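What follows is a set of notes on a single structure, which appears directly below.
The values are calculated or read from the model by the stated rules, or taken from the named source; none is laboratory data. Because the structure is predicted, anything quoted here is derived from the model rather than measured. Every residue, glycine among them, receives a Cβ derived from its backbone with ideal geometry; neighbour counts consider all protein chains shown. SASA here: full protein model, heavy atoms, side chains in, ligands and nucleic acids out. Shrake-Rupley method; radii C 1.70, N 1.55, O 1.52, S 1.80 Å.
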Amino acid sequence: MLVVGAGNAALCAAISAHENGARVLMLEAAPLEERGGNSHFTGGAFRFAYRGVEDLIAVLPSLADDDLSNIDFGTYTEEQFFDDMFEVTEYRTDSELCEILVRGSRETAQWMVRQGVKLQPGLGRQAYEVDGKFTFWGGLALHIWGGGPELLNALYANVERRGIRIVYELPAVSLIRERGVIAGVVAEHRGEPVEIRAGAVVLACGGFESNPEMRARYLGPGWELAKIRGTRFNMGAGVNMALAASARPHGNWSGCHSVAWDINAPPYGDLAVGDQFQKHNYPFGILINARGERYVDEGANFHSHTYAKYGGAIMRQPGMFAWQVFDAKATPLLRSEYRIRRVTKAQADTLEVLAHMLDGVDAEVVLRTVRESNAACTSDVPFDPNVLDGRRTHGLAIEKTNWAMALDTPPFHAYHVTTGVTFTFGGLKITRNGEVEDLYGRVIAGLYAAGEMVGGLFYHNYCSGTGLMSGATFGRLAGRSAALWAKQRAPAGVAASARE
């Protein structure tokens, strides 16, 4: 069988297919040095349900040897996971796919560890130290050690041990369909078409976020100007070849995952920088647009529940940019992404000087906005970054509902951001077995999809860490189903050879 793509979902599909007795070939459009799709650019947040520390130890046994006396992992039950998915998607998430994702999430995490992926507690990213104790929030207790690069290193080592071949710079361009059954793909090698036959095909080659024409067509005017957080190779080829074979579109085709991204980042992701152009700690400051005004409630929720839609909000601001403004009190809370060398930053000892350093912004309005915001902050509720602390403003046109603190302690610092698109939400309709459906709800025999090509899970917004879990869950599912289908259709001798 064939797997198209070579990122997290594709690698999980290939490993799962091999576990279930298939011979697997993987096709990657990128060259070797740029392989891995968007997975290379992830920070490694990995969302799964757990009822307490015992469940975490079941996933990461070495955790039992650590001193956990100053760590409160809390719980993140299946019910909490469902609630988050319903909230961020406004109850539009595909209930069948969402149930597969949530109920299988912990077991998928255990499977990933068995494949060689290393996890670690997300201290400092999803838990701050307050009064000597770390308290986890947002359902992301464990992260992938080393983020995307180490995730890929582990999975590539796994497929290499299994003898699974990956062919680079060989993009698939169309599906071969015979008597209603997918029989392989046509790929392109140095401009020439190459037919590659297979008993089943798994499409796991990402969405269309790298394609400016498709962004403008589906996301709307102006989106062709957005920067891309990840790979330059997600041009929508997999989506287009499936649609050409009458696959059924599914999900939020005008929506995407997009974040605050350094305004001077390159048009596509930089492998050397990874995800560090992102700027996620806005809940502890204020967001200012070109008019010098706030435009969202920065403290509406933890960043992991708002960052994927607040990036899109920047696109609707004049000039398609914003400034994140903080004072010295926030500095200890800012993640490493605020301290990289390639950061667009302004800093001053007074707000008056800082306001005039913010390129493209009305400085006088900035000062008025900050003073009004400072005056609206109350001090009757203690500040606590680990909870929705309810420390809010009163009397503003757009209130800040948590973590509202006056910007009054120098030095003051600000970060210039625009929109960085991560992946697109629109994709293909799949069954509970990972099979791609056609326009009329029938299964396209021999065709499966996983990862960012699966439509229907995300609408409007997104919870951090869900993408990696979705890629692993549906990659594993598609690989297993495709292997069983391919074995069923293969002559006895071929099936036996595959098992060997």
Being among the aliphatic types (A, V, I, L, M) and more than 17 Å from the chain's Cα centre (by Cα) is the filter; apply it to the stretch 272-302 and report the residue that is nearest to residue 139 (Cα to Cα). 300
Complete set of residues in the stretch 182-213 that are in contact with a helix residue (DSSP H, G or I) (Cβ under 8 Å, 6 or more places away or on another chain) and aliphatic (A, V, I, L, M): 185, 198, 200, 201, 202, 203, 204
Search result, residues across the stretch 368-393 that are buried (at least 19 other Cβ atoms within 10 Å of the Cβ) and either part of a helix (DSSP H, G or I) or among the hydroxyl-bearing types (Ser, Thr, Tyr) (or both): 369, 370, 373, 393
Hits in the stretch 318-336 (condition: open to solvent by less than 20 Å² (accessible area, probe 1.4 Å) and more than 11 Å from residue 415 (Cα to Cα)): 327, 330, 334, 335
When residue 440 is evaluated against the numbered criteria (1) over 18 Å from residue 238 (Cβ atoms); (2) modelled with pLDDT of 95 or more; (3) in contact with a strand residue (DSSP E or B) (Cβ under 8 Å, 6 or more places away or on another chain), which criterion, by number, is the only one it fails? (3)
Entirely in the stretch 102-148, the strands (runs of 3 or more DSSP E) that have 1 or more residues that are at pLDDT 95 or above and of a type outside the set (Asp, Glu): 119-121, 142-144
When you check residue 80 against the structure, is it in a helix (DSSP H, G or I), under 18 Å from residue 386 (Cα atoms) and open to solvent by 40 Å² or more (accessible area, probe 1.4 Å), yes or no? yes
Which pairs have Cβ atoms under 8 Å, sit 6 or more apart or on different chains, and link a residue in the stretch 187-199 that is within 17 Å of residue 242 (Cα to Cα) and basic (Lys, Arg) to one that is modelled with pLDDT of 95 or more and surrounded by 10 or more Cβ atoms within 10 Å (Cβ to Cβ)? 197/176; 197/183; 197/184
Which condition does residue 129 not pass, out of (1) surrounded by fewer than 21 Cβ atoms within 10 Å (Cβ to Cβ); (2) at positive phi; (3) not basic (Lys, Arg), if it passes all the others? (2)
Subset of the stretch 33-77 [of a type in the set (Gly, Ala, Ser), open to solvent by 40 Å² or more (accessible area, probe 1.4 Å) and assigned to a helix (DSSP H, G or I)]: 58, 62, 64
When residue 188 is run through (1) open to solvent by less than 60 Å² (accessible area, probe 1.4 Å); (2) modelled with pLDDT of 95 or more; (3) over 24 Å from the mean Cα position of the chain (by Cα); (4) under 18 Å from residue 28 (Cα atoms), the failure sits at (1)
Pick from the stretch 89-114, criterion in contact with a Ser or Thr (Cβ under 9 Å, 6 or more places away or on another chain) and farther than 18 Å from residue 59 by Cα, ranking: surrounded by the fewest Cβ atoms within 10 Å (Cβ to Cβ): 96
